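Below is one structure, written out as structure tokens, with a few remarks after it.
The values are calculated or read from the model by the stated rules, or taken from the named source; none is laboratory data. Fair warning: this is a prediction, and the values are worked out from it, not measured in the lab. As a convention, Cβ positions derive from the backbone with ideal geometry for all residues, glycine included, and neighbour counts pool all protein chains shown. Only protein heavy atoms, including side chains, enter the accessible area calculation; ligands, DNA and RNA are left aside. Shrake-Rupley method; radii C 1.70, N 1.55, O 1.52, S 1.80 Å.
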Amino acid sequence: MTDTRPSLDIKTVSTTPFPDQRPGTSGLRKKTRVFMQPHYLENFVQSVFDAIREEVGGFAHQTLVVGGDGRYYNRPAIQTILRLAVANGFGRVLIGRGGLLSTPAMSAVIRRRSALGGLVLSASHNPGGPDADFGIKYNIRNGGPAPEGVTERIYQRTLNIAAYRTVTVPDIDLDHQGETTISRTQVIVIDPLADYAAVMEDLFDFGALRKLFRSGFRLIFDAMHGVTGPYAQELLEKRLGAPAGTVIHGAPLEDFGGHHPDPNLVHAAELVAMMAERGAPDLGAACDGDGDRNLILGRTFFVTPGDSLAIITEHAQRSIPGYRTGLAGVARSMPTSTAVDRVATALGVPCYETPTGWKFFGNLMDAGLCTVCGEESFGTGSSHLREKDGVWAVLCWLSILAATRTSVEKIVQAHWQRFGRSYFQRYDYEDLDVKQATEMVAVLRTKLTTLVGTSLSGSRITVADDFSYKDPVDGTVTERQGIRIVLADGSRIVCRLSGTGTEGATLRVYLERYQKDAVNEGIEQVLAPLTHVALHLLELRERCGRDKPTVIT
Ligand code: VG1
Ligand code: CO
């Protein structure tokens, strides 16, 4: 089916702005029904195009990539975006077969095919369905999330948009690879796995990993009915020879089987239970809806994301060919535990501390300042792409296990013996009243100056501020990125409001305490004094009527 009529029925549709289209930590996230309102998606997409058109002076020679995590509304949204892309004159649009592209795979496709950018349709680990969540995110030429300067331009555009351009054409077939031309736009349905798999083959020693599986090593990978099922089946089962059935919940579903595709101890409970059974596999792993987060488990053993980041950093050069020449530096988001900092010091490389959100790592990696980076929210990645990458993290752990031939728990214990342990937990209080929560944080902010120098749970407060970040590459300053209270013994309390929710406000309280020698204590017990102080300082119960967190991760 080729339609080469140059002046297809391109029309300009009048519209009025929606006031709520400011992208948050990771794109625009709303209830699915909000996105399904007439003009809502169109307004946002046209605003993206308007915001980036100037920079390139027209799209005739540009490629746009489109794909999502397969959640409800993914397919209709792709058809809508394609129509707008055609009407806006893109030279080429690449779409993942089935409408699928994991977030890291999007990054790989943009980079390998020299695209201008891409639109990712996902609300990540949030549930999917008509009454659940949907989202859209724009990634730039380097393959990473648009930085704040770009998202702010997009937002400003959404506030005064008056019209969008679209075209009347039937839906294209998303389920078969192939090429068609609509108006002047070449539309290609691509294999969503190929570019990503090629990047993985470049980094890892597939021969060594095949050998590991041949030796009887057992992995269980829970795709949580998100987008990583096909990627994990291709890489783990097909290319690395892991036994069939290694990947569970591997079929992407529009509602993720009714669950939160969120790889943590709460939402991946089935996997956690499997890893606690007698004769459990050697490694358990899970990824979120769009494939950028990861959970790593040993037998009855949870590896915290902060430890996982530190351990991947520690072992990368020795265990993974892609990092054979060493790491340029590392980076972590501010709330993430400081475990990786100690490894960076031992390696003699710099460690950068950024605000929450992957977009802040892009400049560091583009400038060659950092190789490995991560967040406490189960996100780990490296400069191989510009997104966090769940399957990559699993391949890192497989490589470390292949090189050391020991257990997950022993690797973590060895790390603690050498570096000490950062006990870390995050408490989330979801669906708070927005006004109350904002005020609560504002009041805490006013108390900060008086806190420095005072003592807290037996240690002196050395820093109490609202984190501000100056990008070392372009000098951009980003303020109010989370309140942090740091103690002389290295303990920290961090509080911030989430920027990805779709309902009410979510308060995140991050607690960290470092112990050089006592590395096998009960975590709740070690952190209890800090938790107590944090809730007291916030006046959480008094101001928001909450005692218990919704989720602890
Ligand atoms: C959360 C996490 C943050 C992560 C972001 C997007 O943001 O805390 O670390 O980068 O989600 O991850 P917030 O503002 O709600 O704390 V994903 O996997 O949702 O794209
Ligand atoms: Co995600």
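Tabulated values for the structure
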{"item": "Residue that is touching a residue at least 12 places away in the same chain (Cβ under 8 Å), surrounded by fewer than 17 Cβ atoms within 10 Å (Cβ to Cβ) and not aliphatic (A, V, I, L, M), where the choices are Thr371, Thr404", "result": "Thr404"}
{"item": "First in the stretch 246-259 and in contact (Cβ under 8 Å) with a residue 60 or more places away in the chain, second anywhere and outside any loop (DSSP other than H, G, I, E, B) and hydrophobic (A, V, I, L, M, F, W, C), Cβ under 9 Å, 6 or more apart", "result": "Pro252/Leu100"}
{"item": "Unmet requirement for Phe360, which otherwise passes all of (1) within 16 Å of ligand 1 (Cβ to nearest atom); (2) open to solvent by 10 Å² or more (accessible area, probe 1.4 Å); (3) touching a helix residue (DSSP H, G or I) at 6+ places or on another chain (Cβ under 7 Å)", "result": "(3)"}
{"item": "Residue in the stretch 36-52 that is closer than 28 Å to Ser498 by Cα and surrounded by fewer than 15 Cβ atoms within 10 Å (Cβ to Cβ) present", "result": "yes"}
{"item": "The stretch 120-135, subset assigned to a strand (DSSP E or B) and touching a Ser or Thr at 6+ places or on another chain (Cβ under 8 Å), residue farthest from ligand 1 (Cβ to nearest atom)", "result": "Phe134"}
{"item": "Qualifying residue in the stretch 57-73 (condition: of a type in the set (Ser, Thr, Tyr), part of a loop (DSSP other than H, G, I, E, B) and at pLDDT 95 or above)", "result": "yes"}
{"item": "Those strands (runs of 3 or more DSSP E) lying entirely in the stretch 463-544 with at least 3 residues within 27 Å of Ala414 (Cα to Cα) and either within 16 Å of ligand 2 (Cβ to nearest atom) or open to solvent by less than 50 Å² (accessible area, probe 1.4 Å) (or both)", "result": "505-515"}
{"item": "Residues of the stretch 156-174 classified as among the hydrophobic types (A, V, I, L, M, F, W, C) and over 31 Å from the mean Cα position of the chain (by Cα), total", "result": "4"}
{"item": "The stretch 246-268, residues that are open to solvent by 50 Å² or more (accessible area, probe 1.4 Å), out of contact with any strand residue (DSSP E or B) (no Cβ under 9 Å at 6 or more places or on another chain) and either over 21 Å from Leu121 (Cα atoms) or of a type in the set (Gly, Ala, Ser) (or both)", "result": "Ala251, Gly258"}
{"item": "Subset of the stretch 333-357 (residues that are small (Gly, Ala, Ser), under 14 Å from Ser491 (Cα atoms) and more than 15 Å from ligand 1 (Cβ to nearest atom))", "result": "Ala339"}
{"item": "So Lys410, is it at pLDDT 95 or above, of a type outside the set (Val, Ile, Thr) and part of a helix (DSSP H, G or I)", "result": "yes"}
{"item": "Residue among Thr345, Thr304, Thr313 that alone is among the polar types (S, T, N, Q), farther than 19 Å from Phe467 by Cβ and without any contact (Cβ under 8 Å) to a residue 40 or more places away in the chain", "result": "Thr345"}
{"item": "Options Gly289, Gly298; residue that is under 27 Å from Ile136 (Cα atoms), in contact (Cβ under 8 Å) with a residue 40 or more places away in the chain and open to solvent by less than 10 Å² (accessible area, probe 1.4 Å)", "result": "Gly289"}
{"item": "Neighbours by Cβ (under 7 Å, 6+ apart or cross-chain): first from the stretch 381-395, within 16 Å of Ala328 (Cβ to Cβ) and part of a loop (DSSP other than H, G, I, E, B); second modelled with pLDDT of 95 or more and within 11 Å of ligand 2 (Cβ to nearest atom)", "result": "Leu385/Pro104"}
